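Trainee: This is the structure, below, for whatever I ask next.
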Amino acid sequence: MTTTSETPPARYVAALGLGIALLTVMVLNLIFGDTGRPWANAILLPAALIVTSGLVLLTRGRGYTFLGYLILCAGLIVATVGALLIAKRMTWGWPLMITLPCLAVAGTYLWAPRHPVARALHRTVAGLALLAATLGPAFLLLRTALFTWPAHWWALYMIAAGAVVLLNALELPRHPIRYRLQGATLLAGPAIIAMLLGFRFLTGALP
């Protein structure tokens with residue numbers, strides 16, 4: 001009798017994840033089989049396997065969790081590309097290619113390093129990624145006529161990005177580490193400049 005190192009929960013996760021992924025592929029083919037691009041299945045099917053592998057590693061715990069998260073995110077991005085291609089919606093759904101990778105980067109906040117400086121830098125990157133993820137919905141809303149956008153709407157992102165960096169800079173001095181004030185200054189300086197420039201662009205003071 002042979003035994004495997006794979007635990008039963010991992011088998012269940014693999015079966016469930018692969019089943020849902022393949023069911024999604026089948027539904028997409030049923031809906032867009034006549035009008036879509038069937039060759040995109042060559043992207044969707046490997047993506048289903050990648051997503052399943054990521055789910056299995058993610059549920060194993062220990063040192064596999066972060067690796068599973070990365071593989072899962074990569075699989076979901078590839079699957080989204082395949083779904084948009086098979087449905088012939090890439091010209092409509094390309095903003096998702098901004099949102100999904102940024103959300104993947106933002107999600108790494110769950111694995112923040114222990115050192116205060118490294119954690120502050122990592123938190124800054126994760127916060128900026130979360131902010132950048134909203135660009136996808138913003139581009140989708142730009143196509144609609146629900147409301148009037150400011151001429152320099154992108155300046156709001158400059159202000160918000162500066163605020164994210166500034167908040168992390170203000171949090172850094174409370175840690176009893178060397179050069180904390182210097183590090184906070186290096187973060188706060190560009191953040192304040194970005195916020196001021198964003199405000200000037202937003203008000204039309206700068207072209």
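Just so you know, all these numbers are worked out from the coordinates, no wet-lab data involved. Every value quoted in this text rests on a predicted model; they were computed, and no experiment measured them. In this analysis, Cβ positions are derived from the backbone assuming ideal geometry, glycine residues included, and neighbour counts consider all displayed protein chains.
Trainee: Using a Förster distance of 41 angstrom, determine the FRET efficiency expected from the C-beta separation of Trp39 and Arg11, and round it to 0.05.
Mentor: Working: r = 32 Å, r/R0 = 0.78.
That pair, Trp39 with Arg11, gives E of 0.80.
Trainee: Could you work out the relative contact order of the range 136-198? I mean the mean sequence separation of Cα pairs under 8 Å and 6+ apart, divided by the number of residues, in percent.
Mentor: Values: 48 pairs, mean separation 25.8, N = 63.
Taking the mean separation of contacting Cα pairs over the length of the range 136-198, I get 41 percent.
Trainee: If you don't mind, there's one more thing I want to ask. Which trypsin sites (Lys or Arg not before Pro) does the range 121-202 hold that lie in a coil by DSSP with at most 14 other beta carbons within 10 Å? If you can, show how the numbers build up before the last one.
Mentor: On the way: sites: Arg123, Arg143, Arg174, Arg178, Arg180, Arg200; in loops: Arg143, Arg178.
Sparse-neighbourhood loop trypsin sites (Lys or Arg not before Pro): Arg143, Arg178.
Trainee: A further question on this structure: Based on C-alpha coordinates, I'd like the Rg and Dmax of the range 67-207, in Å.
Mentor: Rg then Dmax for the range 67-207, in Å: 18.1, 55.
Trainee: Moving to a separate point now. By the gyration tensor of its Cα atoms, with a ≥ b ≥ c the square roots of the eigenvalues, what is the shape of the range 103-156: rounded for a/c under 1.5, prolate for a/b over b/c, or oblate?
Mentor: Judged from the Cα gyration tensor, the range 103-156 comes out prolate (a/c at least 1.5, a/b above b/c).
Trainee: For His122, His115, which order do you get if you count the other beta carbons within 10 Å of each Cβ and list the fewest first? Don't jump to the answer; show the numbers that get you there.
Mentor: Details: His122 17, His115 12.
Sorted ascending by nearby Cβ count, the order is His115, His122.
Trainee: Provide the three semi-axes, in whole Å and in decreasing order, of the ellipsoid equivalent to the range 13-138 as defined by the square roots of 5 times the Cα gyration tensor eigenvalues. Let's see the in-between values first.
Mentor: Values: eigenvalues 179, 79, 12 Å².
Its equivalent ellipsoid spans semi-axes of 30, 20, 8 Å.
Trainee: With an 8 Å cut-off on Cα pairs and a minimum separation of 6 or more residues, tell me the relative contact order of the chain in percent.
Mentor: On the way: 241 pairs, mean separation 30.6, N = 207.
For the chain, the relative contact order is 15 percent.
Trainee: For Leu197 and Tyr64 in the same chain, what is the full-extension length gain: residue separation times 0.36 nm, less their Cα-Cα distance, in nm? Mind showing how you got there, number by number?
Mentor: Values: separation 133, 0.36 × 133 = 47.88 nm, distance 4.30 nm.
Separation in residues times 0.36 nm, less the Cα-Cα distance, equals 43.6 nm.
Trainee: Give me the dipole magnitude in Debye, nearest 20, for the chain about the Cα centre, with unit charges on the beta carbon: positive for Lys and Arg, negative for Asp and Glu. Please list the in-between numbers first.
Mentor: Details: 14 positive and 3 negative charges, 93 e Å.
Around 440 debye, computed over the chain.
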